[in-house]
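What follows is one structure encoded as structure tokens, with my remarks underneath.
No value in this document is a laboratory result; all are computed from the given coordinates. Computed from a predicted model, the values in this text were never measured in an experiment. When we count neighbours, we look across all protein chains shown, and the Cβ atoms used for this are built from the backbone with ideal geometry, even at glycine.
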Amino acid sequence: MAMIKNVDEKCNEVINQLGKGFTKDEYVDMFIAMYPYDWNKIKQRYYEHERKNKGKPHPMPRPRQYVLNVSGIRRRIISLY
């Protein structure tokens, strides 16, 4: 089960809200502002991985990077503009 439902729609809405010329940090900040419930789910899942693995590496990236990864931000920007 995906952590973020309707990820394509949500990512496109964030991009549309920002317009052209935004940074990755601005994208993540806007995602957090628009979808706080999804952001909290991502953070919660990340910290669960951290607790279970107690400092050992695990496959989930840090929350901000996770948002960028699932959004496919580079691919979306190229396709929209």
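Here are the numbers for the structure shown:
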| item | result |
| --- | --- |
| Ratio Rg/Rh, restricted to the chain and using Cα atoms, in which Rh is the Kirkwood radius | 1.00 |
| Kyte-Doolittle mean at least 1.6, axial Cα span of 27 Å or more - DSSP H helices of the chain | none |
| Charge dipole of segment 7-80 about the Cα centre (unit charges at C-beta), most positive-ward option of PRO61, VAL14, SER71 | PRO61 |
| Net dipole in debye of the chain [+1 Lys, Arg Cβ; -1 Asp, Glu Cβ; about Cα centre; nearest 20] | 440 |
| Potential extension, HIS49-ASN16 segment - 0.36 nm per residue separation minus Cα distance | 8.7 nm |
| Using a Förster distance of 22 Å, the FRET efficiency for ASP8-ARG62 (Cβ separation, nearest 0.05) | 0.50 |
